[in-house]
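Structure record follows, encoded as structure tokens.
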Amino acid sequence: QVQLTEVGGGLVQPGGSLRLSCAASGNSFSLYGMRWYRQAPGKERELVASINSLGNTNYADSVKGRFTISRDNAKNTVYLQMNSLRPEDSGVYSCHARYRGSLYWGQGTQVTVSS
């Protein structure tokens, strides 16, 4: 069982930045495929960014050039650096891990971009 704990959400003005962190349990974090999803009210959950065990990354078109996903295997943590935030980036951001065919979710953290 992998437990995921996200921190770093909050209220930020348009154009601002936030960094989300997701700490994972377990001794094999370096082998986890990690993703960040988000869900806005009334909308479907969408994949924002992913990073695999080799460090390869992918991003949704809507966040390319503004968001950066990274991982620190020594700290069992994945990050999502979000810059130039827009109101449409608001939502609950959830961390997701894939390991040996099993999927795990964090509880989510709220991000609100508003003036």
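See the values below:
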read-out: Residue within region 20-33 that is of a type in the set (A, V, I, L, M), modelled with pLDDT of 95 or more, assigned to a loop (DSSP other than H, G, I, E, B) and surrounded by 13 or more Cβ atoms within 10 Å (Cβ to Cβ) present; value: no
read-out: Pairs with Cβ under 8 Å, 6+ apart, first in region 47-61 and part of a loop (DSSP other than H, G, I, E, B), second hydroxyl-bearing (Ser, Thr, Tyr); value: Ser53/Ser30; Ser53/Tyr32
read-out: Checking Gly65 against (1) at pLDDT 95 or above; (2) outside any strand (DSSP E or B); (3) at negative phi, the condition it does not meet; value: (3)
read-out: In region 1-19, the residues that are open to solvent by less than 50 Å² (accessible area, probe 1.4 Å), farther than 17 Å from Ser94 by Cα and assigned to a loop (DSSP other than H, G, I, E, B); value: Gly16
read-out: Residue within region 57-78 that is under 15 Å from Gly108 (Cβ atoms) and buried (at least 16 other Cβ atoms within 10 Å of the Cβ) present; value: yes
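The values are calculated or read from the model by the stated rules, or taken from the named source; none is laboratory data. Nothing here was measured: the structure is a model prediction, and the numbers come from that model. Glycine gets a Cβ as well: all are built from the backbone with ideal geometry, and neighbour counts include every protein chain shown. For accessibility, only protein heavy atoms count, side chains too; no ligands or nucleic acids. Shrake-Rupley method; radii C 1.70, N 1.55, O 1.52, S 1.80 Å.
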